[in-house]
Every structure is written in C-alpha cells, then in structure tokens.
Amino acid sequence: LGLTHHNNHDVGMISSFGQESPAYNGVSENLDSVLGAQLNWQATDATSFVLQAAGRAGEGMKPQVRMGYVRQQFGQNLSVRLGRYRSALFFDADVTEIGYANLTARKPLPVYWISNNVAAIDGIDVQWHHTSGNAGWLLDVYAGQANAKQNWPLIKGTTQLKDIRGFALTYMLSNVSLRASRTWVGEYT
C-alpha cells in the first residue's frame, strides 16, 4: 500500500502512461499501491516455471500477468527463458513491481516512460553468468515483442513493439554494479 499526497487542484499525478486513474488532489492510493502473487515451481534440477500476476490501484486492481515463463538451465552458467519475462530495460527487472525495493519509489517518467509501460517482453532470453574472483558477469541477450495499454491525456489505445532485440551486460562487485545495455525495436505502433 502506497499513499501519495499533493495539493495541485488542476492536475492528477501518474506513474506510467498506462495508468487509468491518476492521483488527484489530496491523499490517493492510485500511484503506488500494488497487489500481486508469484508462483515458482522447480520441476527438475534444471527446469523451473514462474508465474507472476499483479494489479495496480491506478489500473483498477485488474490482475495482469507480469511474468510467465519456463527457464531451462544448461550447466552452471547458461540459462534460457521462454515466455513473458521482465523487460531488461529496467536495471533490476525482476523486482520492479516492488517499488520500495528500488532506490526510488517510482522511476521518473522522462527517463523510463517506455519501460514503465512496456514492463514485459513476450519472447526468449539467454543469460550467461560468469564468476572470476569476487566479481561476477551477467550477459542477458533477448528478443521478442510487447503490447501495452496507453492512457495519454487525449489518446487511449494500445502500443505494439515488434522485433525487440537487445542485450544487457552487468559487471558486479561486492559493493557496486556497472551495467551497459542496448535495445533495438523493429516496429513501434
């Protein structure tokens, strides 16, 4: 449960362009409140299934599948996920629904406006982990497509992103992580 207060009588606040109900003047739960559940099933030592659904107050608490994928581990360092997984546009993609686990309660719209709306990709990703000494590397290569609802001030509709492909490379030390990523979108409608 997250409560927001502001005293501007002329506008409502939003945390994504997919949000249906802004937080208006006074106290509101519409900006940050979320209710969800996640199921993890380890079918074998190398195969697991994940299903996560969440409803946000600003979207009428309608549950949406945020993640739903099968993960296959190939040895110690390589895994493949197939299905709906969190977009690598987020630095900490797997905990992005838990807003208070991040450095900021909500990501700034000018920086994260696309990824706030396109939080999941339907497709495949390959993750490679490598440890050397007390440092670790994570390479995530992904491809797929995404659909998202848009509630712009004057236009409502659906955004479609096709032929998404990209990578994220993270170097992790005990106290700091460095990350570089690049995403290409073939078609944005």
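What FRET efficiency do you get for F74 and A180 if R0 is 22 Å and r is their Cβ-Cβ distance, rounded to the nearest 0.05?
Details: r = 24 Å, r/R0 = 1.11.
Given R0 = 22 Å and the Cβ-Cβ separation, E is 0.35.
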| query | Which whole-percent values make up P(r) of region 38-89 when all C-alpha to C-alpha distances are grouped in 5 Å steps starting at zero? | reply | 5, 18, 22, 21, 15, 8, 5, 4, 1
| What full-extension length gain, to one decimal in nm, is calculated for L35 and E20 as 0.36 nm per residue of separation minus the Cα-Cα distance? | 3.8 nm
| In sequence order, what are the phi-derived ³J(HN,Hα) couplings for region 44-54 according to the Karplus relation 6.51 cos²θ - 1.76 cosθ + 1.60 with θ = phi - 60°, rounded to whole Hz, with x for glycine and proline? | 9, 4, 10, 10, 9, 10, 10, 9, 10, 10, 8
| request: Taking 7 Å along the Cα-to-C-beta vector as the label spot, tell me the A46-I124 distance in nanometres, rounded to one decimal. | output: 1.6
| message | For a quick check of understanding: with a 1.4 angstrom probe and all protein chains in place, what accessible area in square angstrom does W128 have, to the nearest ten? | response | 100
| Tell me, what ³J(HN,Hα) does each residue in region 158-170 have, in order and in whole Hz, if you take phi through Karplus 6.51 cos²θ - 1.76 cosθ + 1.60 with θ = phi - 60° and put x for Gly and Pro? | 10, 9, 10, 10, 10, 6, 7, 8, x, 8, 9, 10, 10
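The values are calculated or read from the model by the stated rules, or taken from the named source; none is laboratory data. In this text, all values refer to a predicted model and were calculated from it rather than measured experimentally. When we count neighbours, we look across all protein chains shown, and the Cβ atoms used for this are built from the backbone with ideal geometry, even at glycine. Please note that ligands, DNA and RNA were not included when accessible areas were found on the heavy atoms of the full protein model with its side chains. Shrake-Rupley method; radii C 1.70, N 1.55, O 1.52, S 1.80 Å.
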